[in-house]
Number of protein chains: 2
Amino acid sequence: MWTFEAPPLEYWKATYNFTPDQRWLDHVRLASVRLPNCSASFVSTNGLVMTNHHCARQCIEESSSKDSNYIETGFAAANLRDEKKCAGLYVDQLISIEPVTDRIRAAVTAATPGERATQRTESISAIQRQCETGTANTCQVVSLYQGGIYSLYRYKRYSDVRLVMAPDGQIAFFGGDPDNFTYPRFNLDLTLLRVYQNDVPFKPTDFLKWSAAGPAENEAVFVVGNPGSTGRLNTVAQMEFLRDVQYPATLAGYGRQLDIYSQLAKNDTASARRYQNDVFGIANSQKAVTGYRTGLVDSARAAKKLAFEREFRARINANPALRAQYGGTWDAVAAAQRQLASFNPTLRYHGFAGGSQLLTIAAQIVRVASESAKPNAQRLAAYRGPGLETIKAAVVRERNIDVAFERLALAAQLRAAQSELPAGDPYLVAALAGRTPEAAAAALVTGTSLTNTAARRTLIEGGASAVAASTDPLIALARAIDPLNRTVIARSDSLNAIIATNAELIGQALFAVYGTALPPDATFSLRISDGVVKTYPSNGTIAPYKTTFFGLYERSAAFDNKDPFHLPQRWIARRDRLDMATGFNFVSTNDIIGGNSGSPVINRNAEVVGLAFDGNIENVPNRFLFDASIGRTVSVHSAGIIESLRKMYDGGRIADELQGVARR
Amino acid sequence: MWTFEAPPLEYWKATYNFTPDQRWLDHVRLASVRLPNCSASFVSTNGLVMTNHHCARQCIEESSSKDSNYIETGFAAANLRDEKKCAGLYVDQLISIEPVTDRIRAAVTAATPGERATQRTESISAIQRQCETGTANTCQVVSLYQGGIYSLYRYKRYSDVRLVMAPDGQIAFFGGDPDNFTYPRFNLDLTLLRVYQNDVPFKPTDFLKWSAAGPAENEAVFVVGNPGSTGRLNTVAQMEFLRDVQYPATLAGYGRQLDIYSQLAKNDTASARRYQNDVFGIANSQKAVTGYRTGLVDSARAAKKLAFEREFRARINANPALRAQYGGTWDAVAAAQRQLASFNPTLRYHGFAGGSQLLTIAAQIVRVASESAKPNAQRLAAYRGPGLETIKAAVVRERNIDVAFERLALAAQLRAAQSELPAGDPYLVAALAGRTPEAAAAALVTGTSLTNTAARRTLIEGGASAVAASTDPLIALARAIDPLNRTVIARSDSLNAIIATNAELIGQALFAVYGTALPPDATFSLRISDGVVKTYPSNGTIAPYKTTFFGLYERSAAFDNKDPFHLPQRWIARRDRLDMATGFNFVSTNDIIGGNSGSPVINRNAEVVGLAFDGNIENVPNRFLFDASIGRTVSVHSAGIIESLRKMYDGGRIADELQGVARR
């Protein structure tokens, strides 16, 4: 995940015998654009922008007319007039990068950490404002190496973005949550947008040309996009906390939820179908967190990380100036993590993490009452400004509360709390009042009226006095928990602040010692990642470097076309049109993570060979330590995009445009 | 793996609501036949026999005419006259089972173990002879529960077996070694034979009808066949020896071989291609042994085994008679295993396990010389009777010895020996003579003339005096190792005899305590295994319960039709004829192991829904403790067989016969 400030030219030359010049780098940078949460790129002379289907869902939904649902049916504009404006959508193009570390350092002169933080924030704001003044640009100071260096990223923003083509949702997300984070894959996770200026298609100075053939096995390819967040500069102590405390607790919570769904489904096939999507969703999160933890548990990776940290600290300690500035940071982080670990169950249960929706609503009602009474600045962060109204609206929103689920969830949460908290814990005492978890949950869920929207509204509107007077058993419980919650959250916040401060110092230390030899953690800013299109050992055999349309039909037929492996009608009806052996998805060793969705995958000629949309299951642990041996980026194949456009979506016009074919 | 003596009727009723009557059981038993190394079944009224392609390779090879290679091209007889006799092949049908435990026990009256063993062997031979006398039957006393009970299995043998149909080898073994032991799979691992009597097709009393639809998801199915060998009654001490001593050594050996191939391939692409099959073969063995060990390392399985052994021993110890007879067996096994572990490296290196082909040949030459001089009865077992000539013939056989490989293999073997044996070990001293392993290997391989067939022949023909006079450095080394080898093998044999004796007692004890509630270990005799056609979690998602022809073409296209994923020409040319969504392979939870290859998979109507040919990678650890959660049997789908016959092999005649369709 190299920055465009410091591409590893020597490493690329040694590895791929590839030495892009500055023009190449500028070209791919300017051809890349960023969506609010994803990556994208210009892919035609007339401003076509390519991204993932899952990056443009809102636009696709909102472009649908009253009688249509483009998420379900897909959409391909027959001509320019047919292209649909995506309200509120914009793309940002990174037009320049400027170092501003010295300016920010010079502005930070105070002695106390709090004052320094304020000065830093103000300096960054000033730089950004100054950069934007008198222009239509958007400017952002990016903090690399956790504050090790600061760069000013200047973006040109394009705010007229229109929907050109989106496939059927079911082909974009074929295989659904089960296949998410896996490979072999068969997803046309594609949306084509177009940037307009003054109501005519924009002509970008730089766009990526198209590779009709797509990638060859073992070919070097580059992913250009905006990876969101990695934790590779975390200290060993931070990783151990995640590994031993946070992730196990999160996974236990998923396990409880899945147990509940399986209990509910056992005697009721209808509910099994109803819960299927929830189950898939949780299983998907479970997959991600299990994968993160796998990376942390992996002894080879852990040893590598430990060795790196030892060497890093030894270098800091060998230099008196660096030692004075940074020497104590690791121990400070470790001490804070140890403290956080010491009361983690209290934090989770007093903090309402997961479990019952009704109890969460009760807690919000109690808190809205007390926070509303305070001046804005003194409220808890989430209740400041528009936050308060957002929370109120959420509480009184009409919703279907699944009482059977709630009862089991509350019981499971209380039973887990009972096993993790000391016997006299005030939350447990208040919630159980001498009952078993199951009896308490039954009484609370049966006794509450919070399932009723009107009852919730009455309490929200009645304010502090209504809440204080309420005899609703869940409100009473929430009142009892509220002070416990405030105490434990405050304690946790102050320890996390210590960790954040020291993490920033460690980032600075890293940059001071290694410079740009190591790439910074992901910051949802433009990066370029190199890799190779490559098979890998999987499932006792070899996973192929690409998939084809045959595989799409295989996976559907092998599941008797059952959800989430059913094919859209169009793909059934038009199957014979396809050249079935056309490449559909492929894998490469590039290093990507959430935010990279929609990134173009290009060859050394800067031609699009693919569209990145996911990683394999072996890629998930890469969040904390990258390992290219089996982790892979999964992309849509450029040939599969063209074939789908032409054969399935009557999209010859669009395919020709991508391929640069002149049309009459 | 239930016996037909004691099918678990109550368990089947409770699990599947299935209660087959004795007729059903007799019918499927009589419809099943055994090949010399595999399982098979009658599948038509005219004596068609279905088995795997890999079970009939020799017949397919030998049936090929001078200008044809049916292994490569496949074969489908156009009519009865075209069916090809398989020389020497026979199938055995289990026509009756008779308990003979009491007869054998009564015959074993001696006091010493040696005499008892002789009496037992003689009693078994007598029973078998008596059973066969005056009939054309073959009889076999099967020792179940390691001698816990004995059953006399009477087989009717059919010796006129002809080849009816075999697919192209590449479709039978599509995916080759990489895909072996894995799923999803796409193999037409099928051969159809026909039993003849008096030159006309045999009409079996019992044959299995065909299910055109094949299995439904979650349907109960039964595999009827002859599982070869399992180690589930092994004691914990035996399993620990495999886990901690034997398998790690075996895996280290595979690792060394693969390292050598990768060294050889590094600078030489041509050799990389040449070695590919060897590499795949070793990787395949590595996969199997890694899988066995995975089952032993798995803490949940190990705990289950330990708990079982504790309970079992407690039951034995609670009964004074059983205790007196069996109480000491586990400790005796454990003591012998500990001794075997104590000199395991010596056994491996003095025993020539693996490594250099040249050194093995040298050792055989030296030993042929000394063993030939002895009376037959005093020779080492392998050199008795026709064994001696077999070994001689192997030594003088014309063969291509890969000198580059030999040199690296010998060096790797010596280096490994150096790290595992004490410094003064006489084998090491003789082999290295003060040199590094690499220098010694170079000198031995360069100096030897054993690469030359004539030189080998001269030594074999020259006998003891020629061998004693030889100055060939490998012969000299083999002469030095020979006495070491004899000593260590004798020591190992005597310890293994102790283990075998006690294992037999433990088998008897098991049967004494649990009766037939637990099935005996596999003995390559007829068993019936129940299971369910079922998906399983794999690779972060769900493995489907079946595959279709789409998947075959997918896997080939995804590897650009490269070996071992290339398709036979016929399958490329005739692709459009196929109904691509037809089931091709499927998985079920049945318990199978080597020997079950070729077993029919039947539904509760005793109709063929499939043909078992492999397990998934998760099934490999089941050798030692069965776990149906993710282990699966992999079978060819009955619909895929019919579709292949009709569309690819012009086999309408055969398909009609399987489906019981009358032809004019």
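Taking a ≥ b ≥ c as the square roots of the Cα gyration tensor eigenvalues, with a/c under 1.5 meaning rounded and otherwise prolate when a/b beats b/c, else oblate, which class fits the range B:1-146?
Values: a/c = 2.60, a/b = 1.49, b/c = 1.74.
Because a/c hits 1.5 or more and a/b fails to exceed b/c, the range B:1-146 counts as oblate.
Our coupling estimate for the range B:632-643, obtained by passing each phi through the Karplus curve with A = 6.51, B = -1.76, C = 1.60 and θ = phi - 60°, is 9, 7, 10, 10, 7, 7, 4, 5, x, 5, 4, 4 Hz, Gly and Pro reported as x.
From the Cα trace of chain A, what convex hull volume per residue do you get, rounded to a whole Å³? Can you show the working numbers first?
Values: hull volume 124.6 nm³, N = 664.
So the per-residue hull volume is 188 Å³.
What FRET efficiency would be calculated for the residue pair B:V108, B:A500, taking the C-beta separation as r and a Förster radius of 25 Å, to the nearest 0.05? According to the calculation, E is roughly 0.95. For A:Q569, project a label point 7 Å along Cα to C-beta. Then give me every residue of the range A:626-653 with its amide nitrogen under 11 Å of that point. From the range A:626-653, the list is empty.
Candidates B:V636, B:G660, B:V620 compared by Cα position along the dipole of the range B:610-664: farthest toward the positive end lies B:G660, with charges placed on Cβ.
Assuming a viscosity of 1.306 mPa s and a temperature of 10 °C, what translational diffusion coefficient in µm² per second does Stokes-Einstein assign to the range A:248-374, Rh being the Kirkwood radius over Cα pairs? After rounding, the answer is 83 µm²/s.
Rolling a 1.4 Å sphere over the protein heavy atoms, what is the accessible area per residue of chain B, to the nearest Å²?
Values: 27360 Å² over 664 residues.
That works out to 41 Å² per residue.
Of the residues A:D21, B:D92, A:D206, A:D26, the one with the largest accessible area comes first in the ranking A:D21, A:D26, A:D206, B:D92, computed with a 1.4 Å probe on protein heavy atoms.
Each copy carries A:A300; placing its label point 7 Å along the C-beta direction from Cα gives inter-copy distances of 2.5 nm, listed from smallest up. Residue farthest toward the positive end of the dipole of chain B, with Cβ of Lys/Arg at +1 and Asp/Glu at -1: which of B:V488, B:S529, B:P600? The Cα lying farthest towards the positive end belongs to B:V488.
Extending 7 Å from the Cα toward the beta-carbon at both A:Q276 and B:S125 defines two label points whose distance is 6.5 nm. Each copy carries a label point for B:D259 at 7 Å from Cα along the beta-carbon vector; from one copy to the others these points are 4.7 nm apart, nearest first. Across the range B:302-311, in residue order, what do the Karplus-derived ³J(HN,Hα) couplings come to in whole Hz, using 6.51 cos²θ - 1.76 cosθ + 1.60 with θ = phi - 60° and x for Gly and Pro? Per-residue couplings from phi come out as 4, 5, 5, 5, 4, 5, 4, 5, 4, 5 Hz. Site pair A:D82 and B:N137 shows an inter-label distance of 7.8 nm when each label is modelled 7 Å from Cα along Cα→Cβ.
Per the Kirkwood formula on distinct C-alpha pairs, the Rh of the range A:611-662 is how many angstrom?
Working: mean 1/r = 0.0770 Å⁻¹.
Here the Kirkwood hydrodynamic radius works out to 13.0 Å.
Of the residues B:A237, B:A394, B:T290, the one whose Cα sits farthest toward the positive end of the charge dipole of the range B:237-395, with +1 on the Cβ of Lys and Arg and -1 on the Cβ of Asp and Glu, is B:A237.
Once the Cβ-Cβ distance between B:R604 and A:A212 is put in as r, and R0 is 60 Å, what FRET efficiency do you end up with, to the nearest 0.05? Write out the running numbers ahead of the final one.
Values: r = 54 Å, r/R0 = 0.89.
Step by step, r from the Cβ atoms, then E = 0.65.
The calculated P(r) of the range B:373-413, using every Cα pair and 10 Å bins from 0, goes 25, 28, 28, 18, 0 in percent. Short to long, the 10 Å bins of the Cα pair-distance histogram for the range B:489-537 hold 18, 30, 28, 18, 6 percent of all pairs.
Of B:Y536, A:Y70, the residue with the largest accessible area leads and the full order is A:Y70, B:Y536 (1.4 Å probe).
Net charge near A:A412: determine it from the other residues with C-beta under 11 Å of the C-beta of A:A412, scoring Lys and Arg +1 and Asp and Glu -1.
Values: positive: A:R256, A:R407, A:R415; negative: A:D259, A:E406, A:E438.
Every neighbour counted, the sum reads 0.
Taking a ≥ b ≥ c as the square roots of the Cα gyration tensor eigenvalues, the range A:353-455 comes out oblate, since a/c reaches at least 1.5 and a/b does not exceed b/c. Along the range A:573-587 the Karplus relation, 6.51 cos²θ - 1.76 cosθ + 1.60 evaluated at θ = phi - 60°, assigns HN-Hα couplings of 5, 9, 3, 5, 6, 6, 7, 5, 7, 5, x, 10, 10, 8, 10 Hz to successive residues, with x for each Gly and Pro.
Any number yet on Rg/Rh for the range A:133-200, C-alpha, Kirkwood?
1.18
Pairs of Cα atoms in the range A:451-497 fall into 5 Å distance bins, from 0 up to the last occupied one, in shares of 5, 19, 21, 18, 12, 11, 9, 4, 0 percent. The apolar share of the surface of chain B, taken as the fraction of accessible area on carbon and sulfur atoms (1.4 Å probe, ligands and nucleic acids excluded), comes to 53 percent.
Place a label point 7 angstrom from the Cα of A:Q263 along the Cα-to-Cβ direction, then list the residues of the range A:439-461 whose backbone nitrogen is under 20 Å away. Label zone hits: A:439-448, A:451. Shown here for the range A:562-663: trypsin sites (Lys or Arg not before Pro) in loop regions (DSSP other than H, G, I, E, B) with at most 10 other Cβ atoms within 10 Å, namely A:R663.
Between copies, the label points of B:A573, set 7 Å from Cα on the Cα→Cβ line, lie 3.6 nm apart, reported in increasing order to one decimal in nanometres. Here the range B:371-410 is assigned +1 on the Cβ of each Lys and Arg and -1 on the Cβ of each Asp and Glu. Its dipole about the Cα centre then comes out at about 180 debye.
With semi-axes defined as the square roots of five times the eigenvalues of the C-alpha gyration tensor, the equivalent ellipsoid of the protein assembly as shown measures 61, 38, 37 Å, largest first. Using just its DSSP H runs of length 4 or more, each adding -39500 (n - 2.57), chain B gives a mean residue ellipticity at 222 nm of -15000 deg cm²/dmol after division by all residues.
Just want to confirm a number: the relative contact order over the range B:225-335, from Cα pairs under 8 angstrom separated by 6+ residues, in percent.
Details: 51 pairs, mean separation 37.7, N = 111.
The value is 34 percent.
A probe of 1.4 angstrom, applied to the heavy atoms of all protein chains, finds A:M580 with accessible area near 10 square angstrom. The B:S96 and B:F18 beta-carbon pair, evaluated with R₀ = 41 Å, returns a calculated FRET efficiency of approximately 0.95.
If Lys and Arg each add +1 and Asp and Glu each add -1, what is the summed charge of the other residues whose beta carbon sits under 13 Å from the beta carbon of B:Y145? That works out to -2.
For the protein assembly as shown, DSSP calls about 95 percent of its internal beta bridges antiparallel. Modelled this way, with points 7 Å down the Cα-to-C-beta line, the labels at B:T205 and A:R415 are 5.6 nm from one another. For a modelled paramagnetic label at B:Q659, 7 Å from Cα along Cα-to-Cβ, the residues of the range B:201-237 in reach, with backbone nitrogen under 14 Å, are B:210-214.
Name the shape class, rounded, prolate or oblate, that the alpha-carbon gyration tensor gives for the range B:226-271, where a ≥ b ≥ c are the square roots of its eigenvalues, rounded holds for a/c under 1.5, and otherwise prolate holds if a/b is larger than b/c and oblate otherwise. Oblate is the answer for the range B:226-271, as a/c is 1.5 or above yet b/c matches or exceeds a/b. For the peptide A:555-568, the mean number of other protein chain Cβ atoms found within 10 angstrom of a residue's Cβ is 4.
Annotation for the A:B interface, with buried accessible surface near 2600 Å², both sides summed [1.4 Å probe; non-protein components not counted].
How long is the gain from A:Q357 to A:N539 if the chain were fully straight, where each residue apart is worth 0.36 nm and the alpha carbon distance is subtracted? Let's see the in-between values first.
On the way: separation 182, 0.36 × 182 = 65.52 nm, distance 3.90 nm.
Length difference between fully extended and current span is 61.6 nm.
The values are calculated or read from the model by the stated rules, or taken from the named source; none is laboratory data. Bear in mind that the values here come from a model prediction, so they are computed numbers and not experimental data. With ideal geometry, Cβ positions are generated from the backbone for all residues, glycine too; neighbour counts draw on all protein chains shown. Surface areas here come from the heavy atoms of the whole protein model, side chains and all, with no ligands, DNA or RNA. Shrake-Rupley method; radii C 1.70, N 1.55, O 1.52, S 1.80 Å.
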